[in-house]
Every structure is written in C-alpha cells, then in structure tokens.
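Enquirer: Structure in structure tokens, see below.
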There are 2 protein chains.
Amino acid sequence: MTDASAAFAARGSHHEVEEGLAFAPKFDRDGLIAAIVTDAEAGGVLMFAYMNAEALKATIETGVAHFWSRSRGALWRKGETSGHEMSVVELRVDCDQDALWLRVRVAGTGAACHTGRKSCFYRAAPTGPDALGAALTPVDDARLFDPAATYKTS
Amino acid sequence: MTDASAAFAARGSHHEVEEGLAFAPKFDRDGLIAAIVTDAEAGGVLMFAYMNAEALKATIETGVAHFWSRSRGALWRKGETSGHEMSVVELRVDCDQDALWLRVRVAGTGAACHTGRKSCFYRAAPTGPDALGAALTPVDDARLFDPAATYKTS
C-alpha cells in the first residue's frame, strides 16, 4: 500500500500552515484527523468521525465521504451498508489544519446516525449552576429508519 | 485536585450509552473529548477543540465554553485574552458520547479564531477527480480583529 499522506503538502511553518493555501492536513499519532459533518442545507451537525490519509484522499477524489472506522480498523465508505451515502458539497480545513469540516447531502432517508436518527447529536445536556449530574434531554430524536432491519446480519 | 470526571455518570452498556439519558461522556486515553462549536444563530462551524473533564464541568456550571489547551497544557476559558467569550446556548452529546456539540453566542466582534476570523474554517479544499494536490480556496476569511494587537505580549 502506498502512503496516502504523500498526496498532501508537507507541513510548513506555523505561518504557512495558517495563512497559506497549501493543503497540509495534520494527522495525529494514530494517523487520524478529526472530521465534523454538517447538513449542507439545514446546517446542523450530523456526525463526528475521523479520517486517515487514505479516507481523506478517497473523499476528495470521489466527492463521497469516507472515514476511518476505529472500531473496525478499516476504511469506511459511510452509507455503504445503509444507503445513506454523503455527497460532499464543501470540504473545509481549520487554521492549524488538524480538523476538517464537511458540508454534505445525505442520500436515502437523510439519516446520518446508525441509530436511525438524522443526527448523532440527539440529546442535550443541561447547563447552569445546578446542572451538573442532570439527565440528558432528547432533541430531534425521531428515527428515520429502523436500524435492526437495516443492519441485520444474515 | 479532585477528579472532575467523577461529576459524570459511569459508562453503562452500549445500549445505555446510546439510548439512555445518563450523561456519561467518554474521555480518551489523554483524558480528552472532542468539542465542535457552532454559531447558535448562523449555524456554521466556528472551531474545534478538546475538553477534559474539568473543562466540561466548568462549561456546564458557568454556561461559558472552557476547553483544554493541548499546546499550553492548561484549562482554557475561551476568550479570556481576546474578550471573545462563548455563551453556551445548547450543549449536545453524540450517540456513543465521545463527542460534544456546543451551539454558542460569541462576545465582542463575534470572532472565534485566534487569527481574527469569525470561524477557524476559512479555507476550502477542492474535491473531484483532479482535485488531489490542489490549492486551498479562501472562504469567509475577513478578519474581524487584529490578532497582533489583541494578543500582543507586554
């Protein structure tokens, strides 16, 4: 396997990384970079995952979001099982180039979460002086598909 | 120092973590959890950082975003130097409770990035069959404040 990180620019100076236009993503000690995924139309955060260089390269070349599955230890074309593929409308990188933001359109029911919800962020934690230890509150937690039927093992 | 992680629920079963209402954030081997910050009104991603248990506890109790600065190795009340504090409108957690999403209102000029921009994500990477290795494109990269004046060392 070739080293997919060779597809990206070498890390330059602090100033070059922040102000330059060379794409020099920083992969951590595990070879991963954080990837935030938002709905290109509605704007909310759909999911959070990690990419390795191979996943980022595949995402750029195909325009479809790929990640690195830490639980499976494998390249993961999001939606390959459920049909909820993510078309990348825009890919952005942050100031120090160690985080990515993907604005996407989700295929199928539009659900991004394996639990069947649109977003993985379907619970809110209260804040305030007395909120520590309080229970979570469900938010937008309707299921758009039945995960038991979608991910059934044969 | 007391262990701030004791302020949160113990991790239960896979089902309890995903479907329950106990707030049981998962801190990684460095004691950190990913935190995505978006603009509560406009909806875009402003920044990405990490919290340790102490930062999350402080965020919940004060309603103002705190992070863990990996570069400084210290609790970081965002905006303490620049005046761009972040009031938390809503704090959400994802399905497996290893990522947080904060919807915030930014004080001062409204800039979240230390470079002076509103968002840290001020550059886009092209996607498509021939896009690998292409230069970044500036997006919404106007500076709302002058970092040289704001962060000057005395």
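Enquirer: Could you please report the charge total around A:LEU102, scoring K, R as +1 and D, E as -1 over all other residues with beta-carbon less than 9 angstrom from its beta-carbon?
Expert: Combined, the nearby Lys, Arg, Asp and Glu give +1.
Enquirer: Suppose every K and R has +1 on its Cβ and every D and E has -1 on its Cβ; what is the size of the dipole of region B:7-154 about the Cα centre, in Debye to the nearest 20?
Expert: Using only the charged Cβ atoms, the result is roughly 580 debye.
Enquirer: OK, next. Taking a cut-off of 25 Å between Cα atoms, list the lysines near A:LYS152, but don't count ones fewer than 8 places away on the same chain.
Expert: Those lysines meeting the cut-off are A:LYS78, A:LYS118.
Enquirer: Run the label-point distances for A:ASP130 please: 7 Å along Cα to Cβ, every other copy, nanometres, shortest first.
Expert: Those label-point separations list as 6.4 nm.
Enquirer: Could you list A:LEU56, A:LEU100 in order of exposure, starting from the residue whose Cβ has the fewest other Cβ atoms within 10 Å?
Expert: A:LEU100, A:LEU56
Enquirer: Given labels modelled 7 Å from the Cα in the Cβ direction, how far is it in nm from A:ASP141 to A:ALA10?
Expert: The two pseudo-label positions are separated by 5.1 nm.
Enquirer: Can you compute the helix-only [θ] at 222 nm over chain A? Use -39500 (n - 2.57) per DSSP H run of at least 4 residues, normalise by all residues, nearest 500 deg cm²/dmol.
Expert: One gets -3000 deg cm²/dmol as the mean residue ellipticity at 222 nm.
Enquirer: Related question: When the C-alpha atoms of chain B are aligned to their principal axes, what extent does each axis show, in angstrom, from largest down?
Expert: So the extents along the principal axes, rounded to whole Å, are 49, 45, 29.
Enquirer: In addition: Just want the answer: with Cβ charges of +1 for Lys and Arg and -1 for Asp and Glu, which residue in A:SER87, A:ALA107, A:ALA148 is farthest toward the dipole's positive end in region A:84-154?
Expert: My answer, from the dipole projection, is A:ALA148.
Enquirer: OK, next. Rank B:THR137, B:THR127, B:THR59 by mean-square fluctuation in a GNM of chain B with C-alpha springs under 10 angstrom and give only the top-ranked residue.
Expert: Among B:THR137, B:THR127, B:THR59, the largest GNM mean-square fluctuation belongs to B:THR127.
Enquirer: Please arrange A:LYS26, A:LYS152 by how many other C-beta atoms lie within 10 Å of their C-beta, fewest to most.
Expert: A:LYS152, A:LYS26
Enquirer: Identify the residue of chain A whose Cβ lies closest to the rotation axis that maps chain A onto chain B, and give that distance in whole Å.
Expert: Residue with the nearest Cβ, plus whole-Å distance, for chain A: A:GLY43, 2.
Enquirer: Just to be sure I understand the model, the point goes 7 Å from the Cα along the line to the Cβ. What's the resulting B:ALA107 to B:TYR151 distance in nm?
Expert: Rounded to a tenth, the inter-label distance reads 1.9 nm.
Enquirer: Something else now. How tilted is helix A:53-62 with respect to the longest principal axis of chain A? Cα atoms for both, answer in degrees (0 to 90, nearest 10).
Expert: Its long axis makes an angle of about 80 degrees.
Enquirer: Per residue and in cubic angstrom, what volume does the convex hull of the Cα atoms of the protein assembly as shown have?
Expert: 142 Å³
Bear in mind these aren't lab numbers, they're just calculated from the coordinates by the rules spelled out. These numbers were taken from a predicted model, which means no experiment stands behind them. Virtual Cβ from ideal backbone geometry, glycine too; neighbours counted across all protein chains shown.
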